[in-house]
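Heads up, the thing below is written out as structure tokens.
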Amino acid sequence: MKNIFSIMIASAALASCGTVQSIVQNTFPYTANVLISTGVPANKEVSSTATATNVQTWFGGNDNAQIKDVRIADAKISVVSPSGGNLSALKSVKVYISSNGTSEKLVASRTDISTDASSVNLDLNSDTGYLDSVVKSTGLTVRTVYELRNQTTSDMNLKVAINFSSIPAR
């Protein structure tokens, strides 16, 4: 009887570790910053490329071997500065990701951004499929293509936040 009880406790402990791993690995964010300078013309697509960072990298290690079936979960763009700034100058945005500059995939976009809000959720590209090879690489690159409605009167910093979802590989 004592052995059965021990086995049940051990099984519960292992199951809870798997559950915690699933919760922790289920969604993970990447962010990239985009600088829009005052000299950028309106009504013309402009591209900005940045290396994305994620929270796992900040805390040491990025053990992406533990995950699989990585998909885009959501994407958002927001104004970082100027304080109180909004996205009304933006006409459209497209966000591409790649692994060290190769295998670029469109993950999210938004057209006709006509909002005074400081952030907006982007529309996800349903044709992206699994992104395991890109996310598990050492150099995730985010390329943001944007078009301005009006030329800005001051520099604008934007943050592109991309959340990926996955399942544990085990």
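Any read-out appearing in this document is the output of simple, stated calculations on the displayed coordinates, not a laboratory observation. What you are looking at is a predicted structure, and each value in this text was computed from that prediction instead of being measured. Because the Cβ atoms are built from the backbone with ideal geometry, glycine has one as well, and the counts that use them run over all protein chains shown.
For the range 28-168, the Cα-based Rg and Dmax, in that order, read 15.2, 47 Å.
Checking the Cα-Cα distances for LYS68/LYS94; LYS44/LYS94; LYS94/LYS159; LYS44/LYS159; LYS68/LYS159 against a 18 Å cut-off, the pairs over it are LYS68/LYS94; LYS44/LYS159; LYS68/LYS159. Ranked by how many other Cβ atoms sit within 10 Å of their own Cβ, fewest first, the residues ILE67, ILE167 fall in the order ILE167, ILE67. The local environment of ALA32, defined by Cβ-Cβ distances under 11 Å, has a net charge of +2 under the rule Lys, Arg +1 and Asp, Glu -1. Straight-line reach from LYS136: taking Cα to Cα under 20 Å and skipping same-chain neighbours fewer than 8 places apart, the aspartates and glutamates in range are ASP63, ASP69, ASP74, GLU104, ASP127.
Other residues within the sphere of radius under 13 Å centred on the Cβ of THR115, judged by their own Cβ, net out at +2 (K and R +1, D and E -1).
Taking other C-beta atoms within 10 Å as the exposure proxy, TYR30, TYR96 rank TYR96, TYR30 from fewest upward.
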